[in-house]
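As structure tokens, the structure follows; a few thoughts come after it.
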Amino acid sequence: MPLTTRTLPSLRSSPSTPIPLHNPLSSSHPASHWKIGRKHSKPRPISCAVRFRPCIDIHKGKVKQIVGSTLRDSTDSGASALVTNFESDKSPAEFANLYKKDGLKGGHVIMLGADAASQSAAFEALRAYPGGMQVGGGIKADNAMNYLEKGASHVIVTSYIFSNGKMDLERLKHLVNMIGKNRLVLDLSCRKKDGKYAIVTDRWQKFSDVILDKETLEFLAKYADEFLIHGVDVEGKRLGIDEELVMLLGCYSPIAVTYAGGVTTMADLEKIKTAGKEQVDVTVGSALDIFGGDMAYKEVVAWHHKQVMISQ
């Protein structure tokens with residue numbers, strides 16, 4: 001069915017948490033509605049330095065780089081189709097210590113599975129760099145605080161606030177009430193469908209009815225400190241970035257936002273800097289030499305520090 005319009009789910013909000021009368025998710029805007037030169041509707045309260053955000057992806061307790069769109073539950077008949085680009089013999093703590101040594105903050109630890117080994121490995125990384133990294137993967141209201149207490153600066157959430165393809169605003173509000181807006185990152189990773197970017201959940205296998213556009217970003221910014229957005233169509237495939245998506249984020253995200261997906265060369269970092277109007281941070285995974293790729297990690301770190309210096 002074409003993605004033309006979408007509305008918020010039927011909400012059962014208590015009088016103490018009223019729903020905004022204006023629903024910015026009730027209309028859709030095609031990509032042609034925005035342009036590179038379009039200004040933000042209001043100043044964004046973050047610096048204009050583009051930053052490199054490192055990552056530690058954990059699968060079955062090991063640091064790996066996986067094509068995320070091929071990840072399935074172990075019970076799924078398509079589990080054998082998993083595509084692994086790299087598996088490290090180094091521990092999550094070693095990567096966390098590397099990022100700490102290089103002064104890289106705001107990276108993310110992602111558990112690509114709910115198994116005990118992956119959870120233990122995530123805790124290991126958080127202990128090594130307390131307050132320096134965010135954590136995501138199976139985060140819910142009943143475990144979010146535990147990860148924060150273990151050293152995560154933020155928790156990253158997607159599927160918990162979506163149910164049957166619709167956004168559950170009650171769950172989102174409950175989570176914000178529990179941990180605070182300033183400790184929450186919303187993962188709004190998306191895929192193209194009918195010419196629009198639809199947010200995907202459940203290991204990027206299920207399309208929601210929420211379109212990633214100006215209205216969605218402005219609305220959800222009220223509930224989060226940052227956004228993390230993977231361009232799922234190019235993620236892990238080293239095909240180059242989704243420049244159109246980066247452009248959208250640079251034009252419309254009113255809070256800090258990190259893009260991931262398709263970075264292959266240093267030139268891609270410059271493309272993100274330009275297309276994102278120096279407002280979009282970037283994650284590099286499979287392309288880095290520390291994950292078996294060709295991009296020199298040290299060169300990316302040097303680029304990061306140069307961007308920070310330029311902005312000062």
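Per residue, the convex hull spanned by the alpha carbons of the stretch 181-229 comes to 72 Å³. Close amide-amide hydrogen proximity is noted between residue 233 and 192, each under 5 Å apart and 5 or more residues distant or on a separate chain (H modeled in the peptide plane; Pro and chain starts excluded). If we count every other residue with Cβ under 13 angstrom of residue 97's Cβ, Lys/Arg +1 and Asp/Glu -1, where does the sum land? That sum, taken over residues with Cβ under 13 Å, equals +1. Put simply, the C-alpha atoms of the stretch 156-206 give a gyration tensor, and the ellipsoid matching it has half-axes of 22, 11, 9 Å, longest first.
Simple spin-label estimate for residue 265 and residue 168 gives 4.5 nm between the two label positions (7 Å along the Cα-to-Cβ direction from each Cα).
In terms of packing, defined here as the mean over residues of other Cβ atoms within 10 angstrom, the peptides 266-274, 151-159 line up highest first as 151-159, 266-274.
Distance cut-off 23 Å, Cα to Cα: go down the list 214/277; 166/271; 100/298 and report the pairs above it. With Cα atoms farther than 23 Å apart: 166/271.
For the stretch 87-210, what D do you get in µm² per second when you plug the Kirkwood radius from alpha-carbon pairs into Stokes-Einstein at 20 °C and 1.002 mPa s? Rounded, D is 141 µm²/s. Reported to the nearest whole Å, the Cα centre-to-centre distance from the stretch 148-167 to the stretch 175-209 is 9. Model label sites at residue 94 and residue 140, defined 7 Å from Cα along the beta-carbon direction, differ in position by 3.4 nm. Averaging 1/r across all pairs of distinct Cα atoms in the stretch 157-303 and inverting the result yields a Kirkwood radius of 15.7 Å.
In nm, what is the difference between 0.36 nm times the number of residues separating residue 308 and residue 193 and their Cα-Cα distance? Show your work: numbers first, answer last.
On the way: separation 115, 0.36 × 115 = 41.40 nm, distance 3.56 nm.
Stretched out fully, the residue 308 to residue 193 stretch lengthens by 37.8 nm.
For the stretch 209-294, the per residue solvent-accessible surface stands at 27 Å², with DNA, RNA and ligands left out and a 1.4 Å probe. Electrostatic tally near residue 123: other residues with Cβ closer than 14 Å to its Cβ, Lys and Arg +1, Asp and Glu -1, net -1.
The values are calculated or read from the model by the stated rules, or taken from the named source; none is laboratory data. Given the structure is predicted, the values throughout are model-derived calculations rather than measurements. Don't worry about glycine lacking a Cβ; one is built from the backbone with ideal geometry, like all the others, and counts go over all protein chains shown. These area figures cover heavy atoms from the full protein model, side chains too; ligands, DNA and RNA do not enter into them. Shrake-Rupley method; radii C 1.70, N 1.55, O 1.52, S 1.80 Å.
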